[in-house]
1. Might you check whether a residue that is aliphatic (A, V, I, L, M), at negative phi and modelled with pLDDT under 90 occurs anywhere in segment 34-48?
2. Which of the residues belonging to segment 82-121 are small (Gly, Ala, Ser), modelled with pLDDT under 85 and not in a helix (DSSP H, G or I)?
3. Yes or no: Ser46 under 17 Å from the mean Cα position of the chain (by Cα), under 22 Å from Ala86 (Cβ atoms) and small (Gly, Ala, Ser)?
4. Could you please give the count of residues in segment 6-45 that are β-branched (Val, Ile, Thr), over 17 Å from Arg61 (Cβ atoms) and touching a residue at least 24 places away in the same chain (Cβ under 8 Å)?
5. Would you point out the residue of segment 18-64, among those that are in contact with a Leu (Cβ under 8 Å, 6 or more places away or on another chain) and small (Gly, Ala, Ser), that is nearest to Glu6 (Cα to Cα)?
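The values are calculated or read from the model by the stated rules, or taken from the named source; none is laboratory data. Since the model is a prediction, treat every value here as computed from it, not as a measurement. Virtual Cβ from ideal backbone geometry, glycine too; neighbours counted across all protein chains shown.
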Amino acid sequence: MKKSIEKVLGLRIAEIRKSRNIKQAQLAESINVATETISRIERGVSIPSVRTLERIGHALRAPLKDFLAFEPRSSTVRDEKEDELAKVMVLLQGKAVTDIRLGRQVLKSLFEQIKGYYRPVGR
């Protein structure tokens with residue numbers, strides 16, 4: 001099932017906001033809009049103006065490209081994989097390079113340890 005641009009944009013904003021431990025009400029207050037406005041944007045019910053998107057980016061300390069870094073998807077497995085990779089990217093944003101390297105090394109080690117115990121799907 002293909003997601004609309006509004007929904008994907010809203011999901012990206014929500015992911016980034018949550019990764020920064022910011023509540024919808026806090027974001028709304030910081031950009032001078034109603035909490036319901038943020039909720040509607042994140043649910044893909046309404047699409048923000050470029051100016052509002054810019055203010056959201058400033059409040060979340062995220063460049064606009066982070067909100068718009070998505071492409072149309074073609075398959076469910078790819079959707080799920082890209083969704084999970086996007087969540088990892090959001091988690092890593094704002095981290096020091098040394099922390100990112102450590103995280104990569106931990107993941108690599110973990111995957112080497114569990115090799116043979118499971119069969120990867122959706123590569």
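1. No, because not a single residue in segment 34-48 is aliphatic (A, V, I, L, M), at negative phi and modelled with pLDDT under 90.
2. Answer for segment 82-121, where residues must be small (Gly, Ala, Ser), modelled with pLDDT under 85 and not in a helix (DSSP H, G or I): Gly94, Gly116.
3. Values: under 17 Å from the mean Cα position of the chain (by Cα): no; under 22 Å from Ala86 (Cβ atoms): yes; small (Gly, Ala, Ser): yes.
No; evaluated as a whole, the condition is false for this residue.
4. Count: 3.
5. Filtering segment 18-64 for residues that are in contact with a Leu (Cβ under 8 Å, 6 or more places away or on another chain) and small (Gly, Ala, Ser), the one nearest to Glu6 (Cα to Cα) comes out as Gly44.
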